[in-house]
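These notes are about the structure you will find just below.
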Amino acid sequence: MTKNDLMNTLESQRLAFNQNPYPSWAARKSKLIKLGQVIAAHEKEFQKAISHDFGNRAVQETTLTEMLVIKAGISHALKHTKHWMRRRKVATALPYKMGSSQIVPQPLGVVGIISPWNYPLQLAIMPLIGALGAGNRVMIKPSEFTPELSKLMKKVLATVFTDDEVYVAIGGVDVAKTFSSLPFDHLVFTGSTDVGRMVAGAAAKNLTPVTLELGGKSPVIIDDTADMDLTTTRIANGKLMNAGQTCVAPDYILMAADKIDGFTKSMINKAETFYPTIAANPDYTSIISDGHYARLQDLLEDAENKGARIHTAGSDDKQQLAKERRVPLSIVTNTAPDMRIMQEEIFGPLLPIVASDSLEHAMDYIGEKARPLALYWFGNDRKKRERVLTESISGGVSINEIAWHLVQENLPFGGVGPSGMGAYHGEHGFKTFSHMKGVFIQSRFSAGKMLMPPYTDKTSMIFKLMKKIM
Ligand code: NAD
């Protein structure tokens, strides 16, 4: 796929958009309904393709993290987009009161979506829902790490959308680079912070606005008041979903030194209850590629060489695990800042612990690092919870839970600083993919004449009056 091919598609989408720059609610609704139907109709094929691309992923996990999230996104959009499309009348300042002011949401034109491999369907379709609801045309570049899914998504979407409505561009990093250099009206990138930086640079050349949904190290603070059994159940579940290959997965734990042993034992116990075996267990997800598998092994080896202790769930045969690219939950204690596991986003089922005996220490530790995509706090002390909510900066927060803020349609989903820029989901997505145009409508009678030259003493008097009432 050459730059010319991509440019031609973009131009045909823009032409089609220009011929119909404000699709009616009925037209948008029909697209959202078709999207929902065609995805539901191919659910089994999507589950199979994703499992094939990973090596293994449970059908149930794909249902929960991809199909149901998409279903909820489409239902919410169908219920509310008509209302989001309305013109919002806003108050007009006193001196200009003869006229009126309103905000007119307008489609942007052609939106580009670059998506990652970890939730390969959901992270392409959720921005698509927002972009279609807002009345745009869309081009998608899915990840090269999930070739079966990407091919299937292209085939399935092409059965209900013409190329000038929704187009899927298949290819590797070279295609992704070209894609990010196209003059879209908006570009959404979901992926790593390093690549996000390059995408933002490429988009800046066209002054294309970007939404960056990036990664990073999402911390969990466990307060002394936390119910340990409930906490480990939820953290083990959240961490092991998709074998830790989740942007909002807990990356490391901050907790009191004297509770680390109990926490570690309980986490291993929970992991072994969820997954009595790991090799050949259809419920346990494989690591996406040999490269990522080797990266996780290197992180463990580096930590161990620098004095960490590794506590591993299960007793599966190591060779079998390697063959299936499966990594058991590995709790890492005795950590130190110079370990790579404490510096890089983990994106796998490894969970280091940092001893932290006070909330001050935990907040300082997090505050000195790059702003995370998610932050978790477990505990039952309202005052401390409030402090965490008001004084820490992260993309989003779940309290006494992992990741659930992400599936709340009324919450914006996005990062902050190195974990991202902008947000989408629900109405936040509609606004991201719309131009919220400010409009002033002047009345036949207006005080504006009094502000026009030639300037006289009367003008000065009017200025005086305006200063008083403004
Ligand atoms: P990645 O950055 O390697 O790739 C993402 C996409 O970018 C792929 O489609 C790829 O083809 C494309 N790409 C690669 N190089 C490019 C370049 N030079 N220019 C333009 N595009 C390029 O990320 P990944 O490995 O697929 O996904 C994992 C990362 O994504 C993690 O850091 C994770 O935290 C993050 N992530 C974030 C979210 C979120 O919503 N914030 C969700 C999922 C994953």
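Each row is one residue, and each column tells you yes or no for (1) farther than 30 Å from Ile74 by Cα; (2) surrounded by 14 or more Cβ atoms within 10 Å (Cβ to Cβ).
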{"residue": "Tyr376", "(1), (2)": "no, yes"}
{"residue": "Tyr424", "(1), (2)": "no, yes"}
{"residue": "Lys437", "(1), (2)": "no, no"}
{"residue": "Arg444", "(1), (2)": "yes, no"}
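Take the residues in segment 170-186 that are more than 10 Å from the ligand (Cβ to nearest atom) and crowded, with 19+ Cβ neighbours inside 10 Å, then tell me which one is farthest from the chain's Cα centre (by Cα).
Leu182
Checking Tyr455 against (1) among the aromatic types (Phe, Trp, Tyr); (2) touching a strand residue (DSSP E or B) at 6+ places or on another chain (Cβ under 7 Å); (3) not in a helix (DSSP H, G or I), which single condition isn't satisfied?
Failing condition for Tyr455: (2).
Test Ala49 against the stated conditions and say whether it is within 24 Å of Pro147 (Cα to Cα) and surrounded by fewer than 21 Cβ atoms within 10 Å (Cβ to Cβ).
No; evaluated as a whole, the condition is false for this residue.
Take segment 154-166 and flag every residue that is in contact (Cβ under 8 Å) with a residue 40 or more places away in the chain and either within 12 Å of the ligand (Cβ to nearest atom) or within 16 Å of Phe46 (Cα to Cα) (or both).
Val156, Leu157, Thr159
Identify all residues within segment 357-397 that are within 16 Å of the ligand (Cβ to nearest atom) and either part of a helix (DSSP H, G or I) or not hydrophobic (A, V, I, L, M, F, W, C) (or both); write none if there are none.
Within segment 357-397, Lys369, Arg371, Pro372, Tyr376, Ser394, Gly395, Gly396 meet the criteria.
Checking Asn334 against (1) out of contact with any Gly (no Cβ under 7 Å at 6 or more places or on another chain); (2) surrounded by fewer than 18 Cβ atoms within 10 Å (Cβ to Cβ), which test does it fail?
(1)
Kindly evaluate Gln297 against the criterion of being surrounded by fewer than 18 Cβ atoms within 10 Å (Cβ to Cβ), closer than 30 Å to Gly420 by Cα and assigned by TED's automatic domain parsing to the domain that holds Ser398.
yes
Out of the residues in segment 109-121 that are surrounded by 24 or more Cβ atoms within 10 Å (Cβ to Cβ) and within 19 Å of Lys437 (Cβ to Cβ), which is farthest from the ligand (Cβ to nearest atom)?
Among them, the one singled out is Val110.
So Arg57 passes all but one of these: (1) within 19 Å of Leu157 (Cα to Cα); (2) part of a loop (DSSP other than H, G, I, E, B). Which condition number does it fail?
(1)
For the structure I just gave you, tell me whether Leu64 is within 26 Å of Ala279 (Cα to Cα) and surrounded by fewer than 23 Cβ atoms within 10 Å (Cβ to Cβ).
Yes; evaluated as a whole, the condition is true for this residue.
Is at least one residue of segment 122-142 in contact with a Pro (Cβ under 7 Å, 6 or more places away or on another chain), of a type in the set (A, V, I, L, M, F, W, C) and within 15 Å of the ligand (Cβ to nearest atom)?
The answer is yes; a qualifying residue exists.
Restricting to segment 446-470, name every residue that is among the aliphatic types (A, V, I, L, M) and either surrounded by 10 or more Cβ atoms within 10 Å (Cβ to Cβ) or within 30 Å of Leu78 (Cα to Cα) (or both).
Ala447, Met450, Leu451, Met461, Ile462, Leu465, Met466
The values are calculated or read from the model by the stated rules, or taken from the named source; none is laboratory data. Since we're looking at a predicted model, the values are computed, not measured. FYI the Cβ positions are ideal-geometry reconstructions off the backbone, even for glycines, and counts take in every protein chain you see.
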